[in-house]
Every structure is written in structure tokens, then in C-alpha cells.
Amino acid sequence: MRAVVQRVDGASVAVDGQVVGEIIGEGLCVLVGVTHEDTPERCAQLARKLWSLRMLKDEKSCSDIGAPLLVISQFTLYGDARKGRRPTWNAAAPGPVAEPLVDEVVAQLRKLGAHVETGRFGADMKVSLTNDGPFTVLIEV
């Protein structure tokens, strides 16, 4: 499981012109990619890492200050462009495998007490955010 985590000062995701998820103020925008070997245990591990990661201002975590997270599925995180000019997606798990695992990351975050907004799995989403710093980290579990 792979996540691109961005410290933001507000972020939203829209589908067909309608906002489906939005966080206001300081928080994290998290793009989550799932591969074939991922498990619910990895989802829990990623959720714990996201909730406690000290990348907000003054080295605070979301758990320290109750900051929200916007979690968006993104299979393209497992794109491979090492050969040729067109990426391959062989390492990305198919939708029926990936969707419940992304949902499990969200469920585990909420179980920890996080306020989580989401995108819509498989939709053509437009993500808007203000990257604060900029500060972006890649996490793999």
C-alpha cells in the first residue's frame, strides 16, 4: 500500500462539478494506492501512521490537534513508467480488490477518532488543495 501525503491548508475533491469531500484549514490530503498483496492489516498500519505522522506545523500530528484528512483513492500511484512512454498499471490492484481496502483505511482512521472526508472510488475526480510548505511525503506499508 502506498500513500502520497500532503500537508494542506484546505483541500476538496469534486465529481461532476459537485464537491464530494472537503477539509477546511490545516490537515492532510492523502492519495492512496493499493497493490495486489495488500491486506486489511496493512490498512490499519497505514491509518495509524497517517493519524500519528508528525508533519503538521510545529511537528504536530492529526491526532495531536484533531486535524482532518481527505483520503482519495489513486491507482496511478502504482504506475510504472520505466520503459517506453506509456505507464503500465500491472502493479495496481483491480477495483474490486482495491475499493474495500481504501474503505478500510478510512474506517480505521475513523475508529482512531479522525475526521475523514473522501473522494468517490473510480470516479473522474478534480482535486483542489493548498499545499502548505509545500510538504509532501511518500509512505509505503
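So here's what we get for this one:
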| read-out | value |
| --- | --- |
| Length-normalised contact order of the stretch 1-92 in % [C-alpha pairs under 8 Å, at least 6 apart] | 29 percent |
| Value of [θ]222 nm, deg cm²/dmol, for the chain, DSSP H segments ≥ 4, -39500 (n - 2.57) each, nearest 500 | -7500 deg cm²/dmol |
| Surface share of carbon and sulfur [accessible, 1.4 angstrom probe, percent] for the chain | 47 percent |
| The chain - Debye-derived log10 I(q)/I(0), Cα point model, q = 0.17, 0.20 Å⁻¹ | -0.90, -1.21 |
| Lysine pairs with alpha-carbon atoms under 27 Å apart, the chain, spacing 8 or more or separate chains | 7 |
| 0 to 90° range, to nearest 10: angle between helix 95-112 axis and the chain longest Cα axis | 20 degrees |
| Alpha-carbon centroid distance for the pair the stretch 12-58 / the stretch 113-141, whole angstrom | 5 Å |
| Over the stretch 41-89: Kirkwood hydrodynamic radius from C-alpha pairwise inverse distances, Å | 13.3 Å |
| Pairwise label distance in nanometres, H36 with V15, each label 7 Å out on the Cα-Cβ vector | 2.8 nm |
| For the stretch 71-126: accessible area per residue (Å², 1.4 Å) | 66 Å² |
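The values are calculated or read from the model by the stated rules, or taken from the named source; none is laboratory data. Just so you know, these numbers come straight off a predicted model, no measurement behind them. Because the Cβ atoms are built from the backbone with ideal geometry, glycine has one as well, and the counts that use them run over all protein chains shown. Each accessible area value is taken on the protein alone, full model and side chains, heavy atoms only, with ligands, DNA and RNA left out. Shrake-Rupley method; radii C 1.70, N 1.55, O 1.52, S 1.80 Å.
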